[in-house]
Every structure is written in structure tokens, then in C-alpha cells.
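The values are calculated or read from the model by the stated rules, or taken from the named source; none is laboratory data. In this text, all values refer to a predicted model and were calculated from it rather than measured experimentally. Heads up, the Cβs are rebuilt from the backbone with ideal geometry, glycines too, and the neighbour counts pull from every protein chain shown. These area figures cover heavy atoms from the full protein model, side chains too; ligands, DNA and RNA do not enter into them. Shrake-Rupley method; radii C 1.70, N 1.55, O 1.52, S 1.80 Å.
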Amino acid sequence: MSESTSAVSMTSTAPKKGGGRPTLSLPVILLIIAAGLALFSLVRVISGANDLTSVGQVSGALQLAVPIGLAGLGGLWAERAGVVNIGLEGMMIMGTWFGAWAGFQWGPWTGVVMGVVGGALGGLLHAIMTVTFNVNHIVSGVAINILAIGVTRYLSNFTFAEAPGGSSKQSPRIDQITEITIPGLSDALADLQAKHWFFVSDLAGVLGGLVTNLSLLTVVALLLVPATWWILWRTGFGLRLRSCGENPVAAETLGVNVYKYKYIAVIVSGALAGLGGAFLVIVSTGIYQEGQTGGRGYIGLAAMIFGNWMPGGLALGAGLFGFTDSLKLRGGAENVHAMLLLLAILLVLAFAWQLYKKKYWQGAICLAVSGLLFAWYGLTDALPSQFVDAAPYVTTLLVLALSAQRLRPPKADGLPYKKGQGK
């Protein structure tokens, strides 16, 4: 049976859109976004932390979220085909080194391409070990992370150390990629945001961050989110690939070359993680430094899990981490202190929801924690620097803990598979 024919046959065995949950319509999604922005505006007005939704805050959050989102997209491609990719961190590291090595010699866009190639090489190695030789996925991923650190450190001694302005732990300066600012609109939105009006100024700050000093590579990265959704959920190729992560034996009996699709998915996964690494060195910092990924590959994996293995949810998770990380960098203690008030209000809303669902114990816990946060906010003016530094990571853990009950990974994710099982 041909693969094009099998794509139609597998409709009954492929996962339902959204994991079986009802899909939100566009008006409902826009209403949720507007309600969230109104809540942020309320917190900003009460706390006086006017940088919460400023143009600079949104622009910084976007720049911090992109590498995490790209790593998460890489994880999504691999795991939708049934391969757990703990090696995202190592593939990002490969992307940083290859991107910097090519970028300072031949220009930033060449660096981007080579960063993708470097990550794809890591993905190819992971595919060989997990798909062909059936090595445990976690063991293979950890091995790639360790290997990437050692290889890039070794190569840096022969490349960057001998280059003008470089050393064994950092590269020479890399030229920046062109940034976009929409004239007139950017200034108008910045002026409107500076007036600090309820909701209107916050909306202007968000929109202004999207049209001010926006790197072309950021635009490419943002477009990869809907592109991934369309490829994996709206094409026959995507259906066959996802079937390999749900039921590879059934897919094989319908004529799908499971090995081929797993290889494609894991190589694309590495390429996306490598692109995230190239973004770090070319857009975020303009220079390669040893250890600069800072665990973003693992955070991208967490964002993917939070997003329930869906591109939209993944982007939301990456944006959440980028936003809290940007709060730490811009305004520090004052901004993070305002987030205590936001969390307290959210827990009050959660309390009301638990009462509606008649889950009284859960509601009582939400109310008690909310009361503690209100008291903490009211009795302090700022937070300790240690808590401010940990805020992005604490936020990630809390979100994962609260969303754990609704998660649905691909059924065959991480399970061993050998060619011929379906015969």
C-alpha cells in the first residue's frame, strides 16, 4: 500500500486534533488574551510597576523567548514521531558554536545556516543511536549533551583562540542581522504606552514591542510556529509522521516507512534547536561564549510539555518564561514584586473555579495560598535578589505542576521500535 493511500487510512488511528479536547475558536482565544492583558493592566495600575507591559519589556521578552521556543519546537517534532529528545541542549550548543564560527567569518546569515547544520548533525547522531540502534532515548540525549560540550570546547581552542578578539571561551564579535522598526507606528505606540492609561497603554506597549527593533531572524522564528502546525496537522506528511509517534506498528502495516519519518523528525528537531543556538549568538548577544545556552534546551522541553505537544501552547510556554526572565532584567525586584499580586489574583480566580467544579479542598488551598501572597505583597516593598533571579525557573515549575493533569503525550513516545514489528 502506498504512503499517500495510507495517509487516508490512518485517519482513524491518528490522534485527534488538540488531544481530544474541544478546539477554542478565534473569538474565544482573542477574548482570553484581552482578559489576560486587562489583568496585567490592573496589576500595573495598583502596583505602579509601569514597566510590566512597556515596549522594552515586550521586546526583551520576545528576544528571550525565541531560543526557548525554537528548542521546544525541535522537541515537538521529535516527540510527535515517538523519539524523546533530551539532547536539545547539546544541539543548541552545537548551533551556537557553528553559528559563531561561520558568522564572524562570512556574515550573520551564513552563521544562521551553519547553526542549523550544527544542530541537525546532533539530531542525526541522536536518530542513529535511538532509531537504528535502539539506544535508550534518555541515555542518547544525555550523551549528546556531554559530547557537544566537549567538542565545542575542543574546537574553540583551534578557531576562536587564534582569531582577533577571540579566546578559547568566546568568539570575535559577529555582525548583527537587520532589525525592523515600522516608522511612525512604533513612535506613536511608544507615546501611547508612556501615558500609562488602563488597558489602552498596555495594548500599545505589547503592539509596540512587536514593531520596534525586531530582528528578521525573530520574524522567521515566529513564522515557524504556524508553519509547524500546518505541516504536522494539515498535510499527509504530517499525519504519517504523527502516526509514528502514536502507533508505529499500525503505521508500518499501512505502508509507512517508520524509520524514514523518525529520522526526518529528529534531524528537523536538531536543526530547530541549532537555529535557537544561532539566534543566541547572532541576535541576542552578538558573540559566542562557552555555556551561554544556560539550560534553554531543557526549558524548551518544559515549554513543549506545558503546551501539551502543540505548537500554540508551546509558544505560550516559551513566552511565559521569556516574559518573567525579562522582568528580572528590566526593573528587577519591583517588577517581580508586582507579580506576587498577579499570582494572588489568579489564585482567587482559581478558587472561584474550583468552587464551581465543587472541588472544595482544592479551592481552600488556592484561597489559603492567595492570602499568603497578598500578605507577602502588602508587607514588603521588594523581593530578595535571590528570589528575583529564580523567578523565571520557579514560574516554569509552577506552570508545569498546575498543567500536569491535562497532559497527553504521543502514545508511543520514547518506546522502542524495530523495523518489521508490524509484519
Qualifying positions in region 196-236 - farther than 16 Å from Phe40 by Cα, open to solvent by 20 Å² or more (accessible area, probe 1.4 Å) and not in a helix (DSSP H, G or I): Thr212, Asn213, Leu214, Thr235
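Let's see how each residue does on (1) farther than 23 Å from Ile305 by Cβ; (2) of a type in the set (D, E, K, R); (3) crowded, with 23+ Cβ neighbours inside 10 Å:
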{"site": "Ile93", "(1), (2), (3)": "no, no, yes"}
{"site": "Pro108", "(1), (2), (3)": "yes, no, yes"}
{"site": "Val135", "(1), (2), (3)": "no, no, no"}
{"site": "Ile138", "(1), (2), (3)": "no, no, no"}
{"site": "Val142", "(1), (2), (3)": "no, no, no"}
Pick from region 356-374 the residues that are more than 10 Å from Ala344 (Cβ to Cβ) and of a type outside the set (A, V, I, L, M, F, W, C): which of them is most open to solvent (accessible area, probe 1.4 Å)? Tyr356
Gly294: farther than 21 Å from Leu30 by Cα, over 13 Å from the mean Cα position of the chain (by Cα) and open to solvent by 10 Å² or more (accessible area, probe 1.4 Å), yes or no? yes
If I ask for residues that are open to solvent by 20 Å² or more (accessible area, probe 1.4 Å), under 27 Å from Ile93 (Cβ atoms) and among the small types (Gly, Ala, Ser), which ones from region 314-341 would you list? Ala315, Gly319
Have a look at Gly255, Gly245 and point out the one that is over 30 Å from Val45 (Cβ atoms) and not in a helix (DSSP H, G or I). Gly255
Out of the residues in region 296-323 that are among the aromatic types (Phe, Trp, Tyr) and assigned to a helix (DSSP H, G or I), which is nearest to Gly60 (Cα to Cα)? Phe323
Being at pLDDT 95 or above, under 16 Å from Thr152 (Cβ atoms) and under 23 Å from the mean Cα position of the chain (by Cα) is the requirement here; does Gly103 meet it? no
State whether the residues of region 70-82 include one that is open to solvent by 30 Å² or more (accessible area, probe 1.4 Å) and either at pLDDT 95 or above or touching a Leu at 6+ places or on another chain (Cβ under 9 Å) (or both). no
If we keep just the residues of region 150-182 that are open to solvent by 80 Å² or more (accessible area, probe 1.4 Å) and assigned to a helix (DSSP H, G or I), which is nearest to Gln289 (Cα to Cα)? Arg153
